[in-house]
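Asker: The structure follows.
Derivation of every value follows stated rules applied to the coordinates shown; laboratory data play no part. The shown structure was predicted, so the numbers you read here are calculated from the model rather than taken from an experiment. Glycine gets a Cβ as well: all are built from the backbone with ideal geometry, and neighbour counts include every protein chain shown.
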Amino acid sequence: MKIILTGATGVLGSHIMYDILEDFISNDTKGKLYLITRNKGKVSAKDRIIELLSSNYTPKILLEKGTESLFQYIEIIDADLTQLQNSVIANLKEAYFIHSAGYVNLSTDEDQKEKIYNENAEITKTIFKLFSPFIKKFIYISTAFSSGIRNGLIENDFHNLEFELEHRNAYENAKYQSEEFVIEQCKALNLPYQILRPSVIGGKMLGTDNLYFIPKYMVFYLMAKFFHFTAQRKDLQENVRFIVNKESGLNIIPVDYVSKVVVSTFKRSDILQLNIVHNQSFNLVKGLQLIMNEVGYLNFSIVPNCLDFDYNNTIEKLYYESIGKHLKPYLISAASEYDTTLLNSILEIPKLDSESFSNMIRYAKLNNFKDINV
Ligand SMILES: NC(=O)c1ccc[n+]([C@@H]2O[C@H](COP(=O)([O-])OP(=O)(O)OC[C@H]3O[C@@H](n4cnc5c(N)ncnc54)[C@H](OP(=O)(O)O)[C@@H]3O)[C@@H](O)[C@H]2O)c1
């Protein structure tokens with residue numbers, strides 16, 4: 001079996017790589033995993049992958065196997081996705097193509113729009129055109145938030161709806177447009193496809209191996225990071241008002257759960273679209289309380305959305321002019337939940353309660369919110 005994977009140096013892609021390798025080993029599969037990975041100046045793509053396969057966060061089963069042995073399954077294509085040459089990819093026929101590379105950026109700034117579109121939608125179009133003539137199936141990793149602003153129960157199909165979707169930012173829109181492109185093109189070419197959509201990715205929660213580990217702290221972790229360092233810098237904690245819809249929640253799903261679902265689903269022809277999400281969104285007020293408690297910033301209040309909001313102090317200003325600006329559309333959204341019946345039948349969704357949520361934040365705090373950059 002041949003699998004091509006993009007984004008293997010990323011949060012999700014690295015875990016998809018781990019699980020594919022684990023699957024090859026456990027099932028004694030004669031498989032080949034082609035990783036399209038770019039180098040980082042002097043650090044080759046191969047060295048970046050070796051680092052991912054030989055660190056203290058690497059799953060035990062792979063560490064025990066050793067990198068040399070793991071490379072019997074791996075072939076690296078050292079290239080930027082925008083600069084792939086036909087000659088390099090010509091022998092990758094009949095492979096499953098899992099496209100996990102992307103640019104996660106929830107910015108609402110106008111000047112970020114074009115870059116976000118290009119790095120998500122344009123790249124997807126470029127590689128699709130290159131590979132579609134000879135691959136077996138195109139699997140696109142999107143986001144559950146490509147559904148845009150919704151309330152009530154959200155089903156897996158986002159492309160046969162009787163209303164227009166309203167997106168909160170360029171990222172959601174670019175991911176949705178990529179999905180639409182993939183679906184339309186695959187239908188026209190009679191090429192199998194699959195759209196898999198994680199919600200907000202959190203630390204590991206399955207098993208005991210490196211529990212709560214995540215290589216990069218994004219979204220809710222960024223809020224925790226902001227107040228963690230603010231609490232450390234300032235003796236006087238000024239009151240910060242969070243504009244929040246009290247009914248609403250943030251859907252968080254552990255990275256190892258997402259990758260395991262991707263690996264057990266990508267070959268299934270009966271699943272075309274699947275949200276890889278929690279069965280229950282984490283209430284925002286509760287989540288904020290747990291975050292602030294964990295990082296030790298205790299002077300805050302929850303207020304409803306209002307048109308006139310003047311900053312009361314410098315911390316509010318700093319927060320709302322940075323991370324707060326981009327997170328706000330999520331904090332004021334109406335409550336929604338996903339239909340997870342199908343997902344739960346693939347792999348049981350791990351329980352995310354107050355304790356495990358706090359543990360995710362505590363893990364990040366203990367690691368000083370330091371991303372792992374290979
Ligand atoms: N993180 C989340 O909370 C989340 C939630 C829902 C959906 N998703 C989706 O899941 C997918 C993976 O996200 P992630 O969290 O793993 O992101 P990430 O950690 O930021 O990783 C992005 C990956 O894409 C690669 N990449 C980007 N542009 C590239 C290019 N031009 N050429 C080669 N490689 C390129 C990066 O390579 P380098 O290391 O070389 O930069 C990296 O491996 C994305 O499609 C994202 O939209 C993520």
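Asker: With only alpha-carbon atoms in the gyration tensor, what are the semi-axes of the equivalent ellipsoid for the stretch 244-309, in Å, largest first?
Answerer: The answer is 35, 16, 8 Å, longest axis first.
Asker: Next question. Longer than 30 Å from Cα to Cα, which of Lys113/Lys136; Lys46/Lys113; Lys129/Lys370; Lys137/Lys365; Lys2/Lys65 are they? Say none if no pair is. Intermediate results must be reported in sequence, preceding the final value.
Answerer: Numbers: Lys113/Lys136 32 Å; Lys46/Lys113 32 Å; Lys129/Lys370 37 Å; Lys137/Lys365 40 Å; Lys2/Lys65 21 Å.
Beyond 30 Å: Lys113/Lys136; Lys46/Lys113; Lys129/Lys370; Lys137/Lys365.
Asker: Whole percent per 10 Å bin, from 0 to the bin with the longest distance: what is P(r) over all C-alpha pairs of the stretch 164-268?
Answerer: That works out to 11, 27, 33, 20, 7, 2, 0, in percent per bin.
Asker: If you rank Leu165, Leu52 by fewest surrounding Cβ atoms within 10 Å, what's the result?
Answerer: In order of increasing Cβ crowding within 10 Å: Leu165, Leu52.
Asker: What number do you get for the stretch 28-185 when its Cα radius of gyration is normalised by 2.2 N^0.38 Å, N = residues?
Answerer: Rounded to two decimals, the normalised Rg is 1.21.
Asker: Cut-off 17 Å, label point 7 angstrom out along Cα-to-Cβ of Ala79: give me the residues of the stretch 118-135 whose amide nitrogen falls inside.
Answerer: Only 123-135 pass the distance filter.
Asker: Based on the Cα gyration tensor of the stretch 185-241, what are the three equivalent ellipsoid semi-axes, each the root of five times an eigenvalue, rounded to whole Å and given largest first?
Answerer: Three semi-axes, in Å: 40, 18, 8.
Asker: Now for a separate question. What number does the chain give for Rg over Rh if you use C-alpha atoms and the Kirkwood radius?
Answerer: Rg/Rh for the chain comes to 0.96.
Asker: Under 20 Å from a point placed 7 Å out from the Cα of Gln72 along the Cα-to-Cβ direction: which residues of the stretch 5-40 have their backbone N that close?
Answerer: 17-35
Asker: Given the C-alpha centroids of the stretch 152-206 and the stretch 332-374, what is the distance between them in whole angstrom?
Answerer: If we compute the Cα centre of each part, the gap is 20 Å.
Asker: Whole Å is fine, so just give me how far the alpha carbon centre of the stretch 266-312 lies from that of the stretch 24-39.
Answerer: 35 Å
Asker: So what is log10(I(q)/I(0)) for the stretch 1-73 at q = 0.18 1/Å, when the Debye sum runs over its Cα atoms only?
Answerer: The Cα Debye sum returns log10 ratios of -0.66.
Asker: Please state the charge dipole magnitude for the stretch 135-193, taken about the Cα centre, from unit charges on C-beta atoms (+1 on K and R, -1 on D and E), reported in debye and rounded to the nearest 20.
Answerer: Charge dipole of the stretch 135-193: 340 debye, to the nearest 20.
Asker: Give me the percent relative contact order of the stretch 115-195, please, defined on Cα pairs under 8 angstrom at least 6 residues apart.
Answerer: Here the relative contact order equals 48 percent.
Asker: Gain in length, Asn344 to Glu94, computed as 0.36 nm per residue apart minus the alpha-carbon separation, to one decimal in nm?
Answerer: Gain on stretching Asn344 to Glu94: 87.0 nm.
Asker: Short version: what are the Cα gyration tensor semi-axes of the stretch 214-282, square root of 5 times each eigenvalue, largest first, in whole Å?
Answerer: 36, 16, 7
Asker: Now a separate question. Over the Cα atoms of the stretch 51-110, compute the convex hull volume and normalise it per residue, giving Å³. Could the numbers behind the result be given before it?
Answerer: Working: hull volume 10.3 nm³, N = 60.
Here the figure is 172 Å³ per residue.
Asker: Quick one: length gained pulling Ile271 to Lys46 fully straight, 0.36 nm per residue minus the C-alpha distance?
Answerer: Working: separation 225, 0.36 × 225 = 81.00 nm, distance 3.30 nm.
Between Ile271 and Lys46, full extension yields an extra 77.7 nm.
Asker: Considering all projection directions equally, how large on average is the shadow of the alpha-carbon convex hull of the stretch 226-374, in square nanometres?
Answerer: With every direction weighted equally, the projected area is 11.0 nm².
Asker: Zone of Lys234 (label point 7 Å along Cα→Cβ, backbone N under 19 Å): which residues in the stretch 284-303?
Answerer: 288-303
Asker: Could you work out the helix-only [θ] at 222 nm for the chain, with each DSSP H run of four or more residues adding -39,500 (n - 2.57) and the total divided by the number of residues, to the nearest 500 deg cm²/dmol?
Answerer: Calculated at 222 nm, the ellipticity per residue is -11000 deg cm²/dmol.
Asker: Looking at the chain, what % of its DSSP beta bridges pair antiparallel, to the nearest 5?
Answerer: Close to 10 percent.
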